[in-house]
Amino acid sequence: MAPSPDIDVTFAADELVLRLAALAYLARFSAVSRIHAKSDLRLYFYWCTDQHLTPLAAARTEVERCTRWMQVVRRFKPATVARRLAVVAGFYRTCVIDGVLDRSPAEYVRRPRVSNEPPTLGLSHPQFEAPLCAARDSDNPPDFALVAMLGLLGLRYCPPVRPQYYGGRSMRRQHRTTRGVQEGHKRLGAGCTESAFRVAIGS
């Protein structure tokens with residue numbers, strides 16, 4: 001029976017031990033996760049081949065060099081480098097568990113810092129639709145106006161109090177403005193588009 005394409009380890013050259021080690025590691029993943037893990041592991045094996053190294057004989061310095069290569073040459077983002085290093089570390093950890101290696105060369109390799117902030121700056125359409133529908137069904141009409149204004153202006157949420165809408169146009173920027181008082185009595189101001197202003201005064 002032919003092997004499943006998502007668990008094929010032909011990238012592990014002709015070394016039987018290396019192929020078995022790669023199979024043992026990839027077999028721990030489900031179908032979709034296995035495809036991504038195989039891609040990350042294949043990149044590391046190809047780098048080792050290009051550097052005339054054997055993955056099972058690599059030292060910590062080689063894994064560090066591969067990390068710098070991904071950052072400087074391939075210009076991967078920190079999250080991508082951290083994910084690929086996690087796969088490499090998992091592979092070596094499995095080798096230690098199975099007795100193939102005495103210790104993992106990736107054990108003390110430092111991974112790039114990854115921000116906890118989401119990469120997207122705003123909400124998707126389905127994400128914004130949920131609070132918009134909830135605000136439309138609210139008994140307080142300004143709720144819908146406030147949520148619609150935040151979405152139309154692309155603003156982040158902050159706890160506003162007593163929002164006020166001004167129909168007059170600013171002398172400097174020639175647009176309608178909205179003002180509010182945040183917690184701590186901090187006054188806020190922002191430009192207001194025509195569509196957001198119509199929603200606001202319509203409430």
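Listing for the model above:
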item: Odd one out for Asp6 among (1) assigned to a helix (DSSP H, G or I); (2) surrounded by 11 or more Cβ atoms within 10 Å (Cβ to Cβ); (3) at pLDDT 90 or above; (4) not basic (Lys, Arg); result: (3)
item: Condition met for Phe76 (outside any helix (DSSP H, G or I), in contact with a helix residue (DSSP H, G or I) (Cβ under 6 Å, 6 or more places away or on another chain) and either open to solvent by 40 Å² or more (accessible area, probe 1.4 Å) or within 22 Å of Val96 (Cβ to Cβ) (or both)); result: yes
item: Subset of segment 111-128 that is part of a loop (DSSP other than H, G, I, E, B) and surrounded by 10 or more Cβ atoms within 10 Å (Cβ to Cβ) - its residue that is modelled with the lowest pLDDT; result: Gly122
item: Filter result for Leu18 (modelled with pLDDT of 85 or more, of a type outside the set (Lys, Arg) and open to solvent by less than 20 Å² (accessible area, probe 1.4 Å)); result: yes
item: Complete set of residues in segment 30-63 that are outside any helix (DSSP H, G or I) and either farther than 15 Å from Ala89 by Cα or open to solvent by less than 30 Å² (accessible area, probe 1.4 Å) (or both); result: Ser30, Gln51, His52, Leu53, Thr54, Ala58
item: Condition met for Cys66 (under 30 Å from the mean Cα position of the chain (by Cα), open to solvent by less than 60 Å² (accessible area, probe 1.4 Å), closer than 27 Å to Ser115 by Cα and at pLDDT 90 or above); result: yes
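The values are calculated or read from the model by the stated rules, or taken from the named source; none is laboratory data. All of these numbers come straight from a predicted model, not from anything done at the bench. Please note: Cβ atoms are built from the backbone with ideal geometry, for glycine as well, and neighbour counts cover all protein chains shown. The accessibility values were calculated without ligands, DNA or RNA, using every heavy atom of the protein model including side chains. Shrake-Rupley method; radii C 1.70, N 1.55, O 1.52, S 1.80 Å.
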